[in-house]
Amino acid sequence: MNCDLIAPHYWWIERLGMGRTLERRRRWFLPQLGNARRALVLGDGDGRFLRELLRRHSDVRADYVDLSRRMLELARQKAGADRVNYQQADARTLDLPRDEYDLIATHFFFDCFGPNELEALIARVADAAKPGVQWIVSEFRTANIPARLLVRALYLFFGITTGLKTRKLADHRPILQSHGFRLTGASHSRGGLVVSELWKR
Ligand SMILES: C[S@@+](CC[C@H](N)C(=O)[O-])C[C@H]1O[C@@H](n2cnc3c(N)ncnc32)[C@H](O)[C@@H]1O
């Protein structure tokens, strides 16, 4: 997947298609995170969530990881470099420190992976988490036919514009559970099409 081409257009395409729904989903749990200090923000794209995280949590330092150079540049412009370490890297193979993070954020990122890749990714990221870690996830859900059609259209769009090969949403919930995470909060928009989840371990 290469998001360089769509990176500068990502926000307005999202706004056109989904209004402020995804923005609300990303931010939903920010007021409930308590005293987060070390965050791992994976596949955050243009950095809108990262900027908000830093604004609301003045003690947090974050590691931002994204494959796309253009996305990373946009994120750096938005969120600055004071409290963020930016890495252009593949989250599937990146070396992560053990027992480091008390907050992990993955917004509309799990949908880039098939079930086996997602299992391997979550296993690696889970090893990087401290006891008591919180993991916030935003994702699409395909609970009904209109949602399935919309998600199929999104995969088609990302397949054409970024080369994404994944075509079907994998269910991250049993994978997170199998790594000891417990769902402690969930909220959704648009009849369950888009969810925000807070997981703890
Ligand atoms: C669908 S976009 C979501 C962006 C943002 N999180 C949001 O909420 O809109 C997926 C992002 O994940 C990045 N990405 C995809 N595969 C990746 C990988 N293996 N490692 C790191 N980043 C990846 C893409 O470059 C892109 O910025």
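Structure summary
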item: Every residue from the range 25-65 that is at pLDDT 95 or above, within 17 Å of Lys130 (Cβ to Cβ) and among the small types (Gly, Ala, Ser); result: Ala39, Ala62
item: Residue in the range 1-57 that is nearest to Tyr101 (Cα to Cα), counting only those that are outside any loop (DSSP other than H, G, I, E, B) and aromatic (Phe, Trp, Tyr); result: Phe49
item: Cross-chain or 6+ apart pairs with Cβ under 7 Å, the range 9-28 first and surrounded by 13 or more Cβ atoms within 10 Å (Cβ to Cβ), then aromatic (Phe, Trp, Tyr) and part of a helix (DSSP H, G or I); result: Arg26/Phe49
item: Enumeration of residues in the range 63-116 that are farther than 28 Å from Val151 by Cα and hydroxyl-bearing (Ser, Thr, Tyr); result: Tyr86, Tyr101
item: Lone unmet requirement of (1) within 19 Å of Asn35 (Cα to Cα); (2) touching a strand residue (DSSP E or B) at 6+ places or on another chain (Cβ under 6 Å); (3) buried (at least 19 other Cβ atoms within 10 Å of the Cβ) for Leu54; result: (2)
item: All positions within the range 99-117 that are touching a residue at least 24 places away in the same chain (Cβ under 8 Å) and either more than 28 Å from Asn35 (Cα to Cα) or in contact with an Asp or Glu (Cβ under 6 Å, 6 or more places away or on another chain) (or both); result: Phe110, Asp111, Cys112, Phe113, Gly114, Pro115, Glu117
item: All positions within the range 178-194 that are within 16 Å of Gln32 (Cα to Cα) and either touching a Pro at 6+ places or on another chain (Cβ under 9 Å) or of a type in the set (A, V, I, L, M, F, W, C) (or both); result: Leu183, Ala186
item: Residue pairs meeting the criteria (Cβ under 8 Å; at least 6 apart or on separate chains; first more than 14 Å from Pro115 (Cβ to Cβ), in the range 163-181; second in a loop (DSSP other than H, G, I, E, B) and not basic (Lys, Arg)); result: Gly163/Met1; Gly163/Asn2; Leu164/Met1
item: Boolean, Thr166 is hydroxyl-bearing (Ser, Thr, Tyr) and within 15 Å of the chain's Cα centre (by Cα); result: no
item: Residue count, the range 64-121 (criterion: among the β-branched types (Val, Ile, Thr) and farther than 18 Å from Arg201 by Cβ); result: 3
item: Unique match (being more than 9 Å from the ligand (Cβ to nearest atom) and not acidic (Asp, Glu)) among Leu42, Leu22, Leu53; result: Leu53
item: Hits in the range 61-94 - residues which are within 9 Å of the ligand (Cβ to nearest atom), of a type in the set (Asp, Glu) and within 16 Å of Ala7 (Cα to Cα); result: Asp66
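The values are calculated or read from the model by the stated rules, or taken from the named source; none is laboratory data. As the structure is a prediction and not an experimental result, all values here were calculated from the model. No Cβ is skipped: glycine too gets one built from the backbone with ideal geometry, and neighbour counts run over all protein chains shown.
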